[in-house]
1. State which helices in the chain qualify, where a helix is a whole DSSP H run, it must extend 24 Å or more along its own axis by its Cα atoms, and its mean Kyte-Doolittle hydropathy must be at least 0.0.
2. Note the full-extension length gain between Asp25 and Asn94 as 0.36 nm times their separation in residues minus their Cα-Cα distance, in nm to one decimal.
3. Is there a quick way to get the dipole size of the chain? I mean about its Cα centre, with the Cβ of Lys and Arg at +1 and of Asp and Glu at -1; what is the value in debye to the nearest 20?
4. Rounded, prolate or oblate for region 35-111? Axes are the square roots of the Cα gyration tensor eigenvalues, ordered a ≥ b ≥ c, and the cut-off for rounded is a/c under 1.5.
5. Rounded to the nearest whole Å², what accessible area per residue is found for the chain with the 1.4 Å probe?
6. Any chance you could run the full-extension gain for Met180 through Leu153? It's 0.36 nm times the residue separation minus the Cα-Cα distance, nm to one decimal.
7. Give me the number: length gained by fully extending Glu139 to Lys108, i.e. 0.36 nm times residue separation minus the C-alpha to C-alpha distance, one decimal in nm.
8. Under 18 Å from a point placed 7 Å out from the Cα of Ala48 along the Cα-to-Cβ direction: which residues of region 89-119 have their backbone N that close?
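The values are calculated or read from the model by the stated rules, or taken from the named source; none is laboratory data. Please read all numbers here as calculations on a predicted model, not as lab measurements. Methodologically, a virtual Cβ is constructed for each residue, glycine included, from the backbone with ideal geometry; neighbour enumeration extends over all protein chains shown. Surface accessibility is based on the protein's heavy atoms, side chains included, excluding ligands, DNA and RNA. Shrake-Rupley method; radii C 1.70, N 1.55, O 1.52, S 1.80 Å.
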Amino acid sequence: MPLFAILLLTLTLFTHGLLANAAPDANVIVHRMIVAYGGEQNLQKLNAYEQLWKIETKTTDTNGTDARMVMMPNSLSTKLIYPNKTETRMLHNNYGSKKFDSRTITAKGPMLDAMKLQLMRLYHPLVLQQKLSHITALENTSHYVLTLTQGSLTAQYIVSKENYLIDKVVGTLQMGGAPMEFVTLYEDYRPFQGVMVPYKEVKYAGSVNTAIMHLQNMHFLTAPKIRH
């Protein structure tokens with residue numbers, strides 16, 4: 001084989017190898033997610049909504065409810081009601097608070113970071129599109145992994161290659177100098193007023209299954225549109 005042909009074949013194989021090992025394009029993945037979740041117009045509805053969840057607690061025998069209000073991308077309020085206690089958590093920008101019955105404390109350190117991760121895990125594809133400069137993408141045989149970094153916090157969105165819906169979010173914060181993971185699995189997706197919504201959340205703190213959440217009802221609120 002002539003030397004030129006050998007060099008051309010080597011270059012072709014090398015180029016194909018580089019393409020095979022190249023990281024997936026986060027922009028393309030997020031665009032396909034937007035389509036899968038119902039399109040940009042429908043996804044705008046997820047900028048502001050209220051939900052009521054039934055909490056099936058896995059660490060105790062006491063179940064409860066979670067009343068959640070989300071205002072993307074900066075605010076989250078949750079009211080947890082159990083037979084023996086009530087807890088309200090509020091996050092807006094970098095300020096967080098927790099109210100236990102009549103006592104209110106300001107959230108700081110890992111407590112505040114955990115509240116921020118709670119909001120990050122709820123980011124829908126239009127929010128992720130706005131944050132593409134802070135997102136890296138990898139893949140395995142069945143999923144894409146989008147990793148979003150915000151300060152010392154990271155959230156990994158595990159996206160199905162089959163339907164481009166989020167199957168799992170892994171949030172990581174630093175606690176006592178060591179990483180702590182909070183994992184949520186998303187199941188039982190159903191269309192709700194044109195947008196795909198998971199009706200079941202399975203939660204873990206580290207390796208401990210802490211709760212299974214079942215969506216009871218939901219309605220959208222009015223909020224400014226997110227532009228890309």
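1. Values: long enough: 3-21 (27 Å, 1.84).
In the chain, the long hydrophobic H runs are 3-21.
2. 21.8 nm
3. Numbers: 22 positive and 16 negative charges, 133 e Å.
Charge dipole, the chain, about its Cα centre: 640 debye, nearest 20.
4. Numbers: a/c = 2.65, a/b = 1.43, b/c = 1.85.
Oblate shape, in that a/c is at least 1.5 and b/c is the bigger or equal ratio.
5. Working: 12520 Å² over 228 residues.
Per-residue accessible area for the chain comes out at 55 Å².
6. Full-extension gain reported as 8.7 nm.
7. Extra length from Glu139 to Lys108 when fully extended: 7.7 nm.
8. Counting backbone N atoms under 18 Å from the label point, the list is 91-93.
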